[in-house]
Amino acid sequence: MSKKTRAFIQRKFEKELEINKEKSREGLHDLIIVLDHLKGNFNIGKILRTAEIYSIKELHIIGTKFFDPTPAKGALKRVKIYWYNDFSESYERVKSLGFTPLTFDSKSEDYLGSFTLPEKSAFIFGHEEFGPMYDKEAYSDIKRIKIKQYGLTESLNVSIAASISMYEYTRTHS
């Protein structure tokens, strides 16, 4: 990415963040999406766009300071976002609001859709290569689930997994 392009995207990002501070509102559904140290590429924007479409309560972004807002198609202006430096801050908010944290792990035995999602759910999505960055032993109450897959590829793209999970939550709680 050229310096000129990066500067343009940075200005767009900052402008939309300012609008977010004034105009964003909690969504209709008691669902929190937590993005734990995702790369600042197109995935965050796509997840944000889906979060706005499904009207989630709020979105937490941990450890990522900047991303290209273009794929969000304006959703950065409307979705209630909380920014955190580390996972513990987001986790504390999730728990204090009475939400059940769930993370996606391809090694889990429990499938999304095979049990009733709690009314107040918080889906945690980890880094695209390394998964969630939090210490799994320190947060042993976080339920691990996976999305049923039939092919040989080990995992879905994080924005696709987030979209499927938001759909499943709203399908069962609407």
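Values quoted throughout were computed directly from the atomic coordinates according to the rules given, and no laboratory measurement underlies them. Nothing here was measured: the structure is a model prediction, and the numbers come from that model. In this analysis, Cβ positions are derived from the backbone assuming ideal geometry, glycine residues included, and neighbour counts consider all displayed protein chains.
Bin width 5 Å, origin at 0, all Cα-Cα pairs of the stretch 40-85: what percent of pairs per bin?
Here the calculated profile for the stretch 40-85 is 6, 26, 34, 26, 7, 0.
If amide H atoms are built 1.01 Å from N in the plane of the peptide, which residues on other chains or at least 5 residues away come under 5 Å of the amide H of LEU31?
LYS57, GLU58
I'd like to verify something in the chain: which complete DSSP H helices, judged by Cα projection on the helix axis, reach 18 Å or more and average at least -0.5 on the Kyte-Doolittle scale?
Helices meeting the span and hydropathy rule in the chain are 158-172.
Would you grab the residues whose amide H sits under 5 Å from the one on TYR82? Only those 5+ places off in sequence or on another chain, please, with H modelled 1.01 Å from N.
Here LEU59, HIS60, ILE61 satisfy the definition.
First check a/c for the stretch 3-172, with a ≥ b ≥ c the square roots of the eigenvalues of its C-alpha gyration tensor; if it is under 1.5, answer rounded, and if not, answer prolate when a/b is larger than b/c or oblate otherwise.
Prolate is the answer for the stretch 3-172, as a/c is 1.5 or above and a/b outweighs b/c.
Is the shape of the stretch 111-174 best called rounded, prolate or oblate, per the rule: a/c under 1.5 gives rounded, else a/b larger than b/c gives prolate, else oblate, with a ≥ b ≥ c the square roots of the Cα gyration tensor eigenvalues?
Oblate is the answer for the stretch 111-174, as a/c is 1.5 or above yet b/c matches or exceeds a/b.
Could you check what % of the DSSP bridge pairs in the stretch 3-172 are antiparallel, to the nearest 5? Don't skip to the end; give the middle numbers.
Details: 1 of 26 bridges.
Expressed as a percentage, antiparallel bridges in the stretch 3-172 total about 5.
How large is the helix-only mean residue ellipticity at 222 nm for the chain, computed as the sum of -39500 (n - 2.57) over DSSP H runs with n ≥ 4, divided by its residue count, in deg cm²/dmol to the nearest 500?
-11000 deg cm²/dmol
Please find the FRET efficiency linking LYS23 to GLU89, where r is the Cβ-Cβ separation and R0 is fixed at 25 Å, and quote it to the nearest 0.05. Write out the running numbers ahead of the final one.
Working: r = 24 Å, r/R0 = 0.95.
The pair LYS23/GLU89 has a calculated efficiency of 0.60.
Which loop GluC sites (Glu not before Pro) in the stretch 28-133, with loop taken from DSSP, have no more than 12 other Cβ atoms within 10 angstrom of their Cβ? Walk me through the numbers before you get to the answer.
Details: sites: GLU52, GLU58, GLU89, GLU92, GLU109, GLU119, GLU128, GLU129; in loops: GLU109, GLU119, GLU128, GLU129.
In loop regions of the stretch 28-133 (DSSP not H, G, I, E or B), the sparsely surrounded GluC sites (Glu not before Pro) are GLU109, GLU129.
Using only the Cα atoms of the stretch 60-100, build the gyration tensor, take square roots of its eigenvalues as a ≥ b ≥ c, and label the shape rounded, prolate or oblate: rounded if a/c is under 1.5, else prolate if a/b is larger than b/c, else oblate.
oblate
Counting other Cβ atoms within 10 Å of each Cβ, which chymotrypsin sites (Phe, Trp or Tyr not before Pro) in the stretch 78-143 have at most 14 and sit in a DSSP loop? Display every interim value, and only then the final one.
Numbers: sites: TYR82, TRP83, TYR84, PHE87, TYR91, PHE99, PHE104, TYR111, PHE115, PHE123, PHE125, PHE130, TYR134, TYR139; in loops: PHE99, PHE115, PHE130, TYR134, TYR139.
Answer by residue number: PHE115, PHE130.
Please identify the trypsin sites (Lys or Arg not before Pro) of the stretch 116-174 that satisfy two criteria: DSSP loop assignment and at most 13 other Cβ atoms within 10 Å. Which are they? Numbers along the way, then the final one.
Working: sites: LYS120, LYS136, LYS143, ARG144, LYS146, LYS148, ARG171; in loops: LYS120, LYS136, LYS148.
Taking the stretch 116-174 and a limit of 13 other Cβ atoms within 10 Å, the loop trypsin sites (Lys or Arg not before Pro) found are LYS136, LYS148.
Could you check the spin-label model distance between PHE115 and LYS4? Points 7 Å from the Cα along Cα→Cβ, value in nm.
Here the modelled spin labels are 5.4 nm apart.
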